[in-house]
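Novice: This is the structure I have questions about; it appears just below.
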Amino acid sequence: MMVFINNWHFYILLFLSFSKPMFVFGRNSIIFNQIGSTDIYASNRNQFKFQDAISKTEGNVNEAQVEDSFQELVINTWSFSNATKAGWNVLQKTHSALDAVEIGCMQCEIEQCDGTVGYGGSPDETGETTLDAMIMDGPTHDVGAVGDLRRVKQAISVARAVMTHTTHTMLVGDAATSFALEMGFPESNLTTMKSRQIYENWRGANCQPNFHRNVTPDPKKFCGPYKPIPSRNTDRVEATANKYISKDNHDTIGMIAIDSKGRIAGGTSTNGANHKVPGRVGDSPITGAGAYVEQGVGGAVATGDGDVMMRFVPSFHAVMLMSSGMKPDAAAKTAVAKIINKYPQFSGALLAVDMNGNMGAACNNIDGFPYTYRTSKDSEVKTVTVKCSHSNS
């Protein structure tokens, strides 16, 4: 039984279940069951009434493009099993890959997975937390993304709103925040006591680590403000990776889902690099870098040193390799090897999956890269850990 209440201020969707008591919050609310996974995202934006099952975007798809019986799948980077569960639970209710990706990534935003997703983590040089996210629909090839999103917690849902309510692909900064508020998302402070302490500790350590270079005062010893030092050699700059990026401070969630109609979707969400220069946008919201899906082929998602990885669009590279007949494991390894060839010290990982549910991953300079998944053949979420290469050892 469902009860739907609508007034000027909020929508509430009450799902009465004998086995899963629910907790209901207010406007733009999220409803949880006891284990903490997201069952429903109730919003004052009509397109996110999940009881309608199929999104407006997907409704434009020619059904001839998809088949009627596919192995359903939800897979994501790192050991974020609650995100996998949340995506899977929604997939069973709405049979929509887009819904699964949105809710799965949202679960990590709520849980602040490893402090690298959602509010309250990775403050920039001014102490502010900002968010990057994107979502991509395989059948239509539509994309929505936000970069440097400020003062709005639901980054992945704002990205989907960009895809659904505009003809653009990405919105950034305060303008993205203005759009989110226009769409009915609440404005809130993304800073927490924890992120404030991280920032204060960084200032107390002379602003180390630091992402500036070729400036004065010496960014390896002092805080800013900085002024540029004219370079004597402007034609060539040494290829260097961000040595401060690792699995401990940059665990972007990247998720791919395939529904029973064979529709594939992918998405990402992150709060970016810790102590980044204000305004920095990483690879996560960049189509083909953070994530990429191709209907009938498969998808890939990336995590790690986004400043380096976006230069190689590894997710796109892996999917194109799969479209040529390469298996996901080999495609991921080939795409990562291309990055290693230029930046052997970079830290990152790439996860790929094809339409048949074959999956594979490759990584560099991480002790081990775990990913979690569930398919129609599984009774629970499973975790796989991939051994990584170590180019800087």
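The values are calculated or read from the model by the stated rules, or taken from the named source; none is laboratory data. As the structure is a prediction and not an experimental result, all values here were calculated from the model. Here the Cβ positions follow ideal geometry from the backbone for every residue, glycine too, while neighbour counts run over all protein chains shown. Ligands, DNA and RNA are stripped out before the accessible areas are found, and what is left, the full protein with its side chains, is counted by its heavy atoms. Shrake-Rupley method; radii C 1.70, N 1.55, O 1.52, S 1.80 Å.
Novice: Only residues that are of a type in the set (Asp, Glu) and either buried (at least 24 other Cβ atoms within 10 Å of the Cβ) or not in a loop (DSSP other than H, G, I, E, B) (or both): list them for the stretch 335-388, please.
Specialist: Of everything in the stretch 335-388, just one residue is of a type in the set (Asp, Glu) and either buried (at least 24 other Cβ atoms within 10 Å of the Cβ) or not in a loop (DSSP other than H, G, I, E, B) (or both), namely Asp354.
Novice: Something else now. Test each condition in (1) touching a helix residue (DSSP H, G or I) at 6+ places or on another chain (Cβ under 8 Å); (2) open to solvent by 20 Å² or more (accessible area, probe 1.4 Å); (3) at pLDDT 95 or above for Ser391 and report the one that comes out false.
Specialist: Going through (1) touching a helix residue (DSSP H, G or I) at 6+ places or on another chain (Cβ under 8 Å); (2) open to solvent by 20 Å² or more (accessible area, probe 1.4 Å); (3) at pLDDT 95 or above one by one, Ser391 breaks only (3).
Novice: For Ser79, indicate whether it is within 22 Å of Leu350 (Cβ to Cβ), open to solvent by 10 Å² or more (accessible area, probe 1.4 Å) and in contact (Cβ under 8 Å) with a residue 24 or more places away in the chain.
Specialist: yes
Quick grid of which residues meet (1) in contact with a Ser or Thr (Cβ under 7 Å, 6 or more places away or on another chain); (2) closer than 25 Å to Gly262 by Cα:
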residue: Pro314; (1), (2): no, yes
residue: Ala349; (1), (2): yes, no
residue: Asn356; (1), (2): no, yes
residue: Met359; (1), (2): no, yes
residue: Ser391; (1), (2): no, no
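Novice: Could you please let me know if Gly279 is under 21 Å from Thr372 (Cα atoms), touching a Gly at 6+ places or on another chain (Cβ under 8 Å) and not basic (Lys, Arg)?
Specialist: No; evaluated as a whole, the condition is false for this residue.
Novice: Among (1) surrounded by fewer than 24 Cβ atoms within 10 Å (Cβ to Cβ); (2) modelled with pLDDT of 95 or more; (3) over 24 Å from Ala86 (Cβ atoms), where does Met309 come up short?
Specialist: Among (1) surrounded by fewer than 24 Cβ atoms within 10 Å (Cβ to Cβ); (2) modelled with pLDDT of 95 or more; (3) over 24 Å from Ala86 (Cβ atoms), Met309 violates only (1).
Novice: Which members of the stretch 251-275 meet the condition of being open to solvent by less than 10 Å² (accessible area, probe 1.4 Å) and either without any contact (Cβ under 8 Å) to a residue 60 or more places away in the chain or closer than 30 Å to Arg196 by Cα (or both)?
Specialist: Of everything in the stretch 251-275, those that are open to solvent by less than 10 Å² (accessible area, probe 1.4 Å) and either without any contact (Cβ under 8 Å) to a residue 60 or more places away in the chain or closer than 30 Å to Arg196 by Cα (or both) turn out to be Asp251, Thr252, Ile253, Gly254, Met255, Gly267, Thr268, Ser269, Thr270, Asn271, Gly272, Ala273.
Novice: Counting just the residues of the stretch 169-217 that are assigned to a strand (DSSP E or B) and free of Cβ contacts under 8 Å to residues at least 24 places away in the same chain, which one comes out surrounded by the most Cβ atoms within 10 Å (Cβ to Cβ)?
Specialist: Val215
Novice: Tally up the residues in the stretch 298-336 that are among the acidic types (Asp, Glu) and within 11 Å of Leu350 (Cβ to Cβ), please.
Specialist: So the count comes out to 1.
Novice: Just to be sure I understand, how many residues within the stretch 73-89 are in contact with a Phe, Trp or Tyr (Cβ under 7 Å, 6 or more places away or on another chain) and in a helix (DSSP H, G or I)?
Specialist: Going through the stretch 73-89 one residue at a time, the tally reaches 1.
Novice: Would you check if Phe369 is within 30 Å of Leu171 (Cβ to Cβ) and in contact (Cβ under 8 Å) with a residue 24 or more places away in the chain?
Specialist: When the stated conditions are applied, Phe369 does not pass them.
Novice: Just checking, does the stretch 128-145 include any residue being modelled with pLDDT of 95 or more, open to solvent by 10 Å² or more (accessible area, probe 1.4 Å) and within 25 Å of Tyr199 (Cα to Cα)?
Specialist: Yes; the residues of the stretch 128-145 include at least one that is modelled with pLDDT of 95 or more, open to solvent by 10 Å² or more (accessible area, probe 1.4 Å) and within 25 Å of Tyr199 (Cα to Cα).
Novice: Shifting gears a bit: Among Asp329, Asp367, which is the only one that is more than 25 Å from Val90 (Cα to Cα), at pLDDT below 95 and of a type in the set (Asp, Glu)?
Specialist: None of the other options fit; the residue is Asp367.
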